[in-house]
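S.K.: Let me give you the structure first, and then I'll get to my questions.
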Amino acid sequence: MLRSLLALALVSVATPAIAQTSTLSTGEEESAICTDRPTNGNYACTVPKGRFQLEVDTFNWLRDDVGGERVDVVAFTNPVIKYGLTDSSDVQINWSPYIRARTRDANGVLTIDDGSGDVTARYKKRLTSATADLQIALLPFVKLPTASDAIGIGKVEGGIAVPINYSVPGGWTITLGPQVNVLADDDGSGRHLGLTGLVNIAKSFGKFSVLNEIWTDQDIDPSGTVSQYSYNAALVWLASPKLQFDLGANFGLNRNTPDVVSYVGVSTRF
């Protein structure tokens, strides 16, 4: 139970503010920052060659109540650092330095687990033109078991996502997020597949964007498939071409999904 909640609390939050173009003081034409946050998907855009980009949950809180038990998970920052390898590819590292999980069971017994999280390494390759209305990328990733014993499961996991984004006139962007995961079995004996999908509709209003998303995850463990569904909403403010702020919340739509995950984030490129 705690494992799945931690995974959702630290899911690579994504889907961007609508990409824009700005003229830098040097006269160089460069797209404004485009991020893999603040909801659960990913975007096909990549960090410009030779640039670094930092995307951070400044605060991330998950709450779940099931059968008289309440779980609260707080991630005190959950940064992703990216580096542009080429004009159409980048590498990314994600690691949460401190996570605190607080569980109160039906009898009022309190348990607290804390520690650092796993490291996730990702590589994104955009397959289409950066200016095309339809953009597609490949995003393989691997999660390395670096987490504290109380937080992680000590197993390597991974997968591949295929971000698909379509820009519609009027400031609309439609995002699809098919993803295949290779997960450790609950009993630790092997590996199995998981499937993730989402549909995200974003609308930009000047420097602001509003995002609405339906997300699903199917964990096809040999002991039984666990299905999760959520409705996710977020607001993004592009404060400058290199600086973005966001806030949002994910609301569980079935018993297997946490009741709410809320967060505040900031992203910058340098």
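S.K.: Rounded to the nearest 500, what is the chain's calculated 222 nm mean residue ellipticity when only DSSP H runs of at least 4 contribute -39500 (n - 2.57) each, over all residues?
M.R.: Result for the chain, helices only: -1000 deg cm²/dmol.
S.K.: Would you mind pulling out the separation of the Cα centroids of the range 120-150 and the range 170-191, in Å?
M.R.: For the range 120-150 versus the range 170-191, the Cα centre distance is 11 Å.
S.K.: Under the 0.36 nm per residue contour assumption, what length would be gained going from the current alpha-carbon distance of residue 69 and residue 109 to full extension?
M.R.: That pair, residue 69 and residue 109, stretches by 13.4 nm at full extension.
S.K.: While we're here: Give me the number: length gained by fully extending residue 116 to residue 81, i.e. 0.36 nm times residue separation minus the C-alpha to C-alpha distance, one decimal in nm.
M.R.: 10.9 nm
S.K.: Hey, what's the Kirkwood Rh for the chain if you take every pair of different alpha carbons, in angstrom?
M.R.: After inverting the mean inverse Cα-Cα distance, the result is 18.9 Å.
S.K.: Go through 155/203; 143/203; 49/155; 82/207 and tell me which ones have a Cα-Cα distance over 30 Å in this structure.
M.R.: Pairs exceeding 30 Å: 155/203; 143/203; 49/155.
S.K.: Sort 49, 82, 242 so the one with the fewest other Cβ atoms within 10 Å of its own Cβ comes first.
M.R.: Taking fewest neighbouring Cβ atoms as first place, the list is 49, 242, 82.
S.K.: Let me ask something else. For 110, 211, what ranking results if the residue with the fewest other Cβ atoms within 10 Å of its Cβ goes first?
M.R.: The most exposed by this proxy come first: 110, 211.
S.K.: Please order 238, 198 by the number of other Cβ within 10 Å, starting at the fewest.
M.R.: Sorted ascending by nearby Cβ count, the order is 198, 238.
Readers should treat all values here as calculations from the given coordinates under stated rules, not as data from a laboratory. Note that the structure is a prediction, hence the values are computed from the model and not measured. FYI the Cβ positions are ideal-geometry reconstructions off the backbone, even for glycines, and counts take in every protein chain you see.
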